[in-house]
Amino acid sequence: MSNEHRLLLFEGNIVTLAVDAIVNAANKSLLGGGGVDGAIHRAAGRQLLDECRDLNGCRVGQAKITAGYKLPAKHVIHTVGPIWSGGNSKEPEKLGDCYRNSLAIARDMGLKTIAFSAISTGVYRFPGLKAAEIALTESFNHVSTYDHPAQVIFVCFDAKTRAYYEEAWTKIHPNA
Ligand code: AR6
C-alpha cells in the first residue's frame, strides 16, 4: 500500500473507533476537561482518570499513553496542544511536536492503527486549516519514514473540519 493510502479521514465521534490508540486533545493536568477530552473520559470510565492521576500531568507538545478501559480503542494517547495566541509563540512547532511525539509512542508500542482528534482546534483556537496542514505533514513524514503505524486516521467532528483536511491534503499533495 502506498504511504498516501495509510492516511484516512473519518467524520464522526472518536470514541466510537476500535483502533489501537485514539489521541486525546488533553490539557496539562491530564485530569479531563470539555470537548473531545470530556467525551473520551466519559466513554472510558473512571479508571481512565485514576490512571491519569499517576501520570503527573504533561507538557505542551508532549504525549503520554494509557489504557482505553471501556472504550473500543485499546489505548489513549494524551497530548497537550498549544493555545493559539496569534502564531508568534511557536504554536505551529508545538502542534507539530504533539503529532511527532504521539506517533513516536505508537511506534515504540508497535501500534498499527492510530486515530487523531484535531488537536488545539476547539477551545484552544488554533486555525483549522493550518492545524490540518501540520497534522498531515507530520503524519505523512512519519509513515514515509517508518513501517508503523499501518493507518493514521484523522477524526473530523464536523464537515468544516473535514473540508480543512481535504484542502490541506490538496495543498500538500496536489497530484495525489
Ligand atoms: N470526537 C472527535 N472530535 C471531537 C469530539 C469527539 N467526540 N468532540 C470535540 N471534537 P477541543 P483543544 C473536536 O476543544 O482545542 C478540553 O477541555 C472539536 O470539534 O476538544 O485541543 C481539554 O481538557 C475540535 O475540532 O480540544 C483542554 O482544556 C477538536 O476536537 C482543551 O479542551 C479539538 O477541540 C483542549 O482544547
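Of all residue pairs spaced 6 or more apart or on separate chains, those with beta-carbon atoms under 9 Å, a first member in the stretch 136-162 that is hydroxyl-bearing (Ser, Thr, Tyr) and a second member that is modelled with pLDDT of 95 or more and open to solvent by 60 Å² or more (accessible area, probe 1.4 Å) are Tyr146/Arg107; Thr161/Glu11. Take Val155 and decide whether it is more than 9 Å from the ligand (Cβ to nearest atom), open to solvent by less than 20 Å² (accessible area, probe 1.4 Å) and among the aliphatic types (A, V, I, L, M). Judged against the criteria, Val155 is not a match.
Among the residues of the stretch 110-127, those that are more than 9 Å from the ligand (Cβ to nearest atom) and without any contact (Cβ under 8 Å) to a residue 60 or more places away in the chain comprise Gly110, Pro127.
In the stretch 163-176, how many are outside any helix (DSSP H, G or I) and either under 19 Å from Val36 (Cα atoms) or without any contact (Cβ under 8 Å) to a residue 24 or more places away in the chain (or both)? Explain how you work it out, then say what you get.
Start the filter on the stretch 163-176 by keeping residues that are outside any helix (DSSP H, G or I), which leaves 173-176.
Subset that is either under 19 Å from Val36 (Cα atoms) or without any contact (Cβ under 8 Å) to a residue 24 or more places away in the chain (or both): 174-175.
Residues in the stretch 163-176 being outside any helix (DSSP H, G or I) and either under 19 Å from Val36 (Cα atoms) or without any contact (Cβ under 8 Å) to a residue 24 or more places away in the chain (or both): 2 in total.
This table checks each residue for (1) open to solvent by less than 40 Å² (accessible area, probe 1.4 Å); (2) farther than 24 Å from Ala39 by Cα; (3) not in a loop (DSSP other than H, G, I, E, B).
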| residue | (1), (2), (3) |
| --- | --- |
| Pro72 | no, no, no |
| Gly87 | yes, yes, no |
| Ser102 | yes, no, yes |
| Ala106 | yes, no, yes |
| Phe126 | yes, no, no |
| Ala132 | yes, no, yes |
| Thr137 | no, yes, yes |
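Evaluate the following for Ile83: is it within 9 Å of the ligand (Cβ to nearest atom) and either crowded, with 19+ Cβ neighbours inside 10 Å or over 24 Å from Gln151 (Cβ atoms) (or both)? Judged against the criteria, Ile83 is a match.
Could you tell me whether Leu55 is under 20 Å from Thr161 (Cα atoms), hydrophobic (A, V, I, L, M, F, W, C) and not in a helix (DSSP H, G or I)? First the steps, then the outcome.
Numbers: under 20 Å from Thr161 (Cα atoms): no; hydrophobic (A, V, I, L, M, F, W, C): yes; not in a helix (DSSP H, G or I): yes.
Considered against the rule, which asks whether it is under 20 Å from Thr161 (Cα atoms), hydrophobic (A, V, I, L, M, F, W, C) and not in a helix (DSSP H, G or I), Leu55 comes out as no.
Can you pull out the residues in the stretch 19-48 that are in contact with a strand residue (DSSP E or B) (Cβ under 6 Å, 6 or more places away or on another chain), more than 6 Å from the ligand (Cβ to nearest atom) and under 20 Å from Phe154 (Cβ atoms)? Within the stretch 19-48, Val19, Asp20, Ala21, Ile22, Val23, Asn24, Ile40 qualify.
Of all residues in the stretch 48-70, those satisfying the criterion of being on the phi > 0 side of the Ramachandran plot and open to solvent by 50 Å² or more (accessible area, probe 1.4 Å) are Asn56, Tyr69.
The values are calculated or read from the model by the stated rules, or taken from the named source; none is laboratory data. Not measured: the values here are computed from a predicted model. Ideal geometry is used to build each Cβ from the backbone, glycine not excepted, and the neighbour counts take in all protein chains shown. Accessible surface is based on the protein model in full, side chains and every heavy atom, while ligands, DNA and RNA are left aside. Shrake-Rupley method; radii C 1.70, N 1.55, O 1.52, S 1.80 Å.
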